[in-house]
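The values are calculated or read from the model by the stated rules, or taken from the named source; none is laboratory data. Nothing here was measured: the structure is a model prediction, and the numbers come from that model. In this analysis, Cβ positions are derived from the backbone assuming ideal geometry, glycine residues included, and neighbour counts consider all displayed protein chains. These accessible areas exclude ligands, DNA and RNA; they are computed on the full protein's heavy atoms, side chains included. Shrake-Rupley method; radii C 1.70, N 1.55, O 1.52, S 1.80 Å.
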Amino acid sequence: MALSYLPEKPYPGAPLLLELPKKVKKVEFLDKNYRPFAYRQKFYALLAVPLNTKPGSYPLKIYAEKIYSYQVKIYPKKYPEEHLEVPPKMIHYPPEVIDRIKREVKAIKQALRGFTPEPLLEGPFVWPVAGRLSSPFGFRRVYNGVPRSHHSGIDIAVPKGTPVKAANSGRVVLTGDFYLPGKIVIIDHGLGIYTVYCHLDKILVKTGQVVDKGEKIALSGASGRVTGPHLHFGCYIEGVKVDPKMLLEVF
């Protein structure tokens, strides 16, 4: 069984679209199990390379009528950093919102940990909005010598009130108005694949609602902890954050 995947040179933080010559039971890679989905009479599995993966070769196993073993080479990737010296009050949250932030982070993580065994997506993912990429995936700021976490998605600069579309079909699993991401929508696409839409001005869907690819789910805005209007768009596969721009490109 030949192994074919995109991107051809996978890197830490990349989604990995694996093309399968036939239906298989599961794919095992980097200590996680992935299930295949069908599209146009072909079979695929969408895998994730965590950001902390060191460059090198890693085993991949395909479980079919027998087990097929391969090695996948992960290439190095250097993400941009910005070093800033700022007053301490600029990088610490007000004490009165700490508990709220913890509760909201827990709710988001819980939503992203779910697993729907059947695929809800329909083929390629599409851009939720058209606009300038203002902040890439993996970007990290270092405040006063202390690095913050890598940017978990991409920021797309669009005016307030721009229609935001579902990047693929799926089920809405979380909506809300949170302190950091502002008004947020999370969509489950099945098989452990989720997309996240943040800093919205208005949410047009409800938790539990089934949406089609390209359906309008919200209006963009500047809610939450932001400096201006934009859409933060993220993607998680089996709880691992991956580059949404590459997700759109691998198909």
When the Debye formula is applied to the Cα atoms of region 8-133, each taken as the same point scatterer, what base-10 log of I(q)/I(0) results at q = 0.10, 0.15, 0.19 Å⁻¹? -0.52, -0.97, -1.22
In sequence order, calculated HN-Hα J values of region 194-206 (Karplus, 6.51, -1.76, 1.60; Hz; x Gly/Pro): 9, 10, 10, 10, 10, 6, 6, 8, 8, 9, 10, 10, 10
Taking the 0 to 90 degree range and rounding to the nearest ten, how far is the long axis of helix 98-112 tilted relative to the main principal axis of the chain, both from C-alpha atoms? 20 degrees
Could you work out the Kirkwood radius for region 139-245, taking every pair of different alpha carbons, averaging 1/r and inverting it, reported in Å? 14.0 Å
For region 192-207 and region 143-187, compute the distance between their C-alpha centroids and round to whole Å. 8 Å
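Given a 1.4 angstrom probe, what's the average accessible area per residue across the chain, in square angstrom?
Numbers: 12820 Å² over 251 residues.
Per residue, the chain has an accessible area of 51 Å².
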In the chain the accessible area split gives carbon plus sulfur, as whole percent at 1.4 Å, a share of 52 percent
Whole-percent pair-distance distribution, where bins are 5 Å wide, for the alpha carbons of region 61-156: 2, 8, 9, 12, 17, 19, 13, 8, 6, 3, 2, 1, 0
Would you calculate, for the chain, the mean residue ellipticity at 222 nm contributed by helices, counting each DSSP H stretch of 4 or more residues as -39,500 (n - 2.57) and dividing by all residues, to the nearest 500? -2500 deg cm²/dmol
Inverse mean reciprocal Cα-Cα distance (Kirkwood Rh) of region 76-227, Å: 16.7 Å
Most positive-pole-ward Cα, Leu17, Ser220, His83, against dipole of the chain from beta carbon charges: Leu17
